[in-house]
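Trainee: Here you go, one structure.
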Amino acid sequence: VQLQASGGGLVQAGGSLRLSCVASGRTFSGDIMGWFRQAPGKEREFVSAINLKRGNTYYADSVKGRFTISRDNAKNTVYLQMNNLKPEDTAVYYCATDRRSFSIATNPSAYDFWGQGTLVTVSS
């Protein structure tokens with residue numbers, strides 16, 4: 001599986017961005033797709049994830065109410081709509097897939113394949 005993340009950029013606080021993650025290769029409808037982020041000097045942290053088959057989602061408390069994850073299975077694409085962005089959202093955002101878990105995991109070690117990351121910078 002190859003994952004290609006895109007959509008990052010520079011935005012002012014309060015602005016919006018939509019990230020996309022396209023999966024190619026051998027994908028499975030039951031996979032869980034997640035978004036993580038890593039700010040300079042910090043550990044990679046869970047942002048959100050979605051079960052591609054059932055559609056259930058999960059969010060980190062820090063983004064709940066501001067970010068929305070969705071999927072288009074026909075396009076093998078997962079989106080992360082980010083609204084009301086804050087400077088603390090600045091990070092490299094990575095998409096990843098977990099095809100072993102039955103429920104959404106927040107630990108990065110549960111995810112098997114990772115995209116290359118896309119940089120989101122939020123200015124104050």
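The values are calculated or read from the model by the stated rules, or taken from the named source; none is laboratory data. In this text the structure is predicted, and so the values were computed from the model without any measurement. No Cβ is skipped: glycine too gets one built from the backbone with ideal geometry, and neighbour counts run over all protein chains shown. The area values use the complete protein model at the heavy-atom level, side chains included, leaving out ligands, DNA and RNA. Shrake-Rupley method; radii C 1.70, N 1.55, O 1.52, S 1.80 Å.
Trainee: Can you tell me the FRET efficiency between Glu43 and Ala74 if r is taken as the Cβ-Cβ distance and R0 is 35 Å, rounded to the nearest 0.05? Provide the component values of the computation, followed by the final result.
Mentor: Working: r = 35 Å, r/R0 = 0.99.
After rounding to 0.05, the efficiency reads 0.50.
Trainee: Could I ask something else about it? What percent does the relative contact order of the stretch 2-88 come to when contacts are Cα pairs within less than 8 Å and at least six residues apart?
Mentor: Working: 156 pairs, mean separation 27.9, N = 87.
Once divided by the residue count of the stretch 2-88, the mean separation gives 32 percent.
Trainee: Let me ask something else. Considering the zone a paramagnetic label at Asn107 would reach in this model (a point 7 Å from Cα along the Cα-to-Cβ line), which residues of the stretch 42-85 have amide N under 14 Å from it?
Mentor: 46, by backbone N distance to the label point.
Trainee: A further question follows. Place a point 7 Å from Cα of Ser124 in the direction of its Cβ. Which residues in the stretch 80-98 have their backbone N less than 16 Å from it?
Mentor: What the label zone holds, given the 16 Å backbone N cut-off, is 85-91.
Trainee: If you count the DSSP beta bridges with both ends in the chain, what percent of them are antiparallel, to the nearest 5? Please report the intermediate quantities before stating the final value.
Mentor: Values: 38 of 42 bridges.
Here the antiparallel bridges make up roughly 90 percent for the chain.
Trainee: Let me ask something else. When ligands, DNA and RNA are left out and all protein chains stay put, how many square angstrom of accessible area per residue does the chain have with a 1.4 Å probe?
Mentor: Values: 6410 Å² over 124 residues.
Value for the chain: 52 Å² per residue.
Trainee: By the gyration tensor of its Cα atoms, with a ≥ b ≥ c the square roots of the eigenvalues, what is the shape of the stretch 1-68: rounded for a/c under 1.5, prolate for a/b over b/c, or oblate?
Mentor: Details: a/c = 1.75, a/b = 1.47, b/c = 1.19.
Prolate shape, in that a/c is at least 1.5 and a/b is the bigger ratio.
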